Amino acid sequence: MPIYEIRCPDCGFEGETVVRAVGSPLSCPRCGGNRPQKLISVSSPLSGASRRPLPGPRDHGCCGSRPADAGCAGPGSCCGKAAPRG
């Protein structure tokens, strides 16, 4: 199931939406509008198995929240990793 970042011109929603299958029509999760625009998303640098559990105990969200609080645009959309101690 692909996840797209969208902006809805009808209600102003901007965020992520899950699509059941590639090629399925997009709709706004807030208002149900059928004119959402796909936004260009940054790809995730994470792939494969992680050496430590995600999110880690010192990780943070982009808005200063905990990753479990679903940051700016949705779960895991902009979580930051804590810098290693040196």
**Fill in**
Within region 25-49, residues being modelled with pLDDT under 85 and out of contact with any strand residue (DSSP E or B) (no Cβ under 8 Å at 6 or more places or on another chain) number 8
**Pair list, Cβ < 9 Å and 6+ apart or interchain, from region 16-28 residues that are assigned to a loop (DSSP other than H, G, I, E, B) to residues that are among the hydroxyl-bearing types (Ser, Thr, Tyr) and surrounded by fewer than 16 Cβ atoms within 10 Å (Cβ to Cβ)** = VAL19/TYR4; LEU26/TYR4
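The values are calculated or read from the model by the stated rules, or taken from the named source; none is laboratory data. Owing to the predicted nature of the structure, the values given are computational and were not obtained by experimental measurement. Neighbour counts run over all protein chains shown; Cβ positions are idealised from the backbone, glycine included.
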